[in-house]
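Worksheet: one structure, shown below.
The values are calculated or read from the model by the stated rules, or taken from the named source; none is laboratory data. Keep in mind that what you see is a predicted model, and the values were worked out from it rather than measured. So basically every Cβ, Gly included, is an ideal-geometry build from the backbone, and we count neighbours across all protein chains shown.
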Amino acid sequence: MPAESHMRPRKRIILLGATGSIGSSTLRVLREHKDRLELVGVAAHSRHAELAQICHEFAVPQAVLQDEKAYHLAQQSGDFPSSTTVNCGSEALAELATLPEADIVLVAVVGAAGLRPALAAIEAGKDIALANKELLVLGGAHVIEAAKRKGVRLLPTDSEHNAIFQCLQGHPANQLDKLILTASGGQFRDTPSSELQQVTPEMATQHPNWSMGPKITVDSATMANKGLELIEAHWLFGLEPERLEVVIHPQSVVHSFVQFIDGSILAQLSPPSMTFAIQHCLLYPDRAPGVEPTTDFRTAFSLDFKAPDFSKYPCLQLAYDALRSGGAAPAIFNAANEVAVERFLAKEIAYLEIPKLIEHSLSRMQAPQQPSLEQLFQTDTETRALAQSFRF
Ligand code: NAD
Ligand code: MG
């Protein structure tokens, strides 16, 4: 351990979504950098035994289980160390995100549930490492405004946005022409459209390059994920949809491109593992050796790029449309997609009905322009009810 690292105070981290895919990649980074990073709070939905194990390993003083049943089971089992205070519910989650002793909150819960704790953390002056994209799609205007007002950093942890963030360092905004987000094309990239009718949840939750939670893996197949990321990029980097492009890149090694007004293009490369982006955010603005080997050019490999076929990926077109409509339209897109994916995974609707349910919701719901936060939450709730009750 270099002597200088003893001098630097450790960054104190709260990890929301500790038992998930991003959560476990984050724990790998924390294990490697114990001299720089310290876990002071963790939260999960219901996997209490796993969360308790994390509290043991990292001596975490504060934990929250969102789910009440899981909380009571945890109380009975006595799984958690006696030195960990365990709480339960949405309010406890938002409170955890504001712990005075924390420096940075990594938001890695899935879905719109991330918005309230993220806003609470920003209001408490915490820097945010943002893995969750749905919260920006729902409440981007409010999150960006609050972050500016409080002077906190929003560090993009989604790999594409992290790549863009890295490429933009040192370049003034007026030199930027456009952003080009890479997309793997998902697990059905080479499957003919005519065969997509037969796609089952088991097939849609396997990704060729990335190991991720079930929701984002399905989103990756439909490219709703890239749609959410376009909207995320709009909020993080302030560009209109005309200056946001998507390119299919099957190898997932180039994580995105930044094109400047003189035509020069920069990219960030690393293997398809989230540890690179997570570590970059948690140590920012410092760097340290990564937890796994990076791309090695001594081994032959090729990188391919092609334009997406919008007729094969209607969710991508719907996301562009929602972004262009503005106001609460992205919130409708997100809520309808969350419900569509849940219903697809529960075998209630077919794979090809996911975009249809989003399209139906966008056409039926009123999308107020410049919505307040409360209007957005209301739109979210109403869209979910509509998408839940729709029968094909
Ligand atoms: P996941 O399903 O593997 O894990 C989700 C985590 O959030 C779990 O710990 C779960 O217990 C917790 N959680 C879920 N709902 C909650 C709630 N209401 N309250 C508290 N905790 C809750 O998901 P993931 O793949 O890790 O993705 C997390 C987020 O990061 C998503 O928004 C996803 O889009 C984004 N993201 C993921 C990846 C990836 O590689 N997995 C990459 C980029 C962005
Ligand atoms: Mg991504």
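The helices (runs of 4 or more DSSP H) located wholly in the stretch 122-232 that include 1 or more residues which are within 13 Å of ligand 1 (Cβ to nearest atom) occupy 134-150, 159-168, 214-222.
Identify all residues within the stretch 114-162 that are of a type in the set (Lys, Arg) and away from ligand 2 (no atom under 13 Å from the Cβ); write none if there are none. Passing the criteria: Arg116, Lys126, Lys148, Arg149, Lys150, Arg153. Kindly list, by first and then second residue, each pair from a residue in the stretch 44-67 that is touching a residue at least 12 places away in the same chain (Cβ under 8 Å) and within 11 Å of ligand 1 (Cβ to nearest atom) to a residue that is of a type in the set (Lys, Arg) and in a helix (DSSP H, G or I), limited to pairs with Cβ atoms under 9 Å and residues at least 6 apart or on different chains. These pairs meet every condition: Ser46/Lys69.
Residue check: is Gly151 within 20 Å of Glu229 (Cβ to Cβ), surrounded by fewer than 22 Cβ atoms within 10 Å (Cβ to Cβ) and either at pLDDT 95 or above or out of contact with any strand residue (DSSP E or B) (no Cβ under 9 Å at 6 or more places or on another chain) (or both)? Working first, answer last.
Details: within 20 Å of Glu229 (Cβ to Cβ): no; surrounded by fewer than 22 Cβ atoms within 10 Å (Cβ to Cβ): yes; either at pLDDT 95 or above or out of contact with any strand residue (DSSP E or B) (no Cβ under 9 Å at 6 or more places or on another chain) (or both): yes.
Considered against the rule, which asks whether it is within 20 Å of Glu229 (Cβ to Cβ), surrounded by fewer than 22 Cβ atoms within 10 Å (Cβ to Cβ) and either at pLDDT 95 or above or out of contact with any strand residue (DSSP E or B) (no Cβ under 9 Å at 6 or more places or on another chain) (or both), Gly151 comes out as no.
Taking the conditions (1) surrounded by 17 or more Cβ atoms within 10 Å (Cβ to Cβ); (2) of a type in the set (S, T, N, Q); (3) more than 28 Å from Thr19 (Cα to Cα) in turn, Thr182 satisfies each one other than (3). Within the stretch 180-201, restricting attention to residues that are hydrophobic (A, V, I, L, M, F, W, C) and out of contact with any Ser or Thr (no Cβ under 7 Å at 6 or more places or on another chain), the residue that is farthest from Leu239 (Cα to Cα) is Val199. Selection of the stretch 233-276 for residues being of a type in the set (Gly, Ala, Ser) and within 16 Å of ligand 1 (Cβ to nearest atom) yields Ala233, Ser252, Ser256, Ser270, Ser273. On the stretch given as the stretch 14-25, residues that are in contact with a Ser or Thr (Cβ under 8 Å, 6 or more places away or on another chain) and closer than 18 Å to Asp103 by Cβ total 2. Free of Cβ contacts under 8 Å to residues at least 60 places away in the same chain, under 19 Å from Ala224 (Cα atoms) and in a loop (DSSP other than H, G, I, E, B), is that true of Phe297? Answer is no for this residue. Filtered by the rule that a residue be over 14 Å from Ala131 (Cα atoms) and more than 9 Å from ligand 2 (Cβ to nearest atom), the stretch 212-229 gives Pro214, Thr217, Val218, Asp219, Ala221, Thr222, Met223, Ala224, Gly227.
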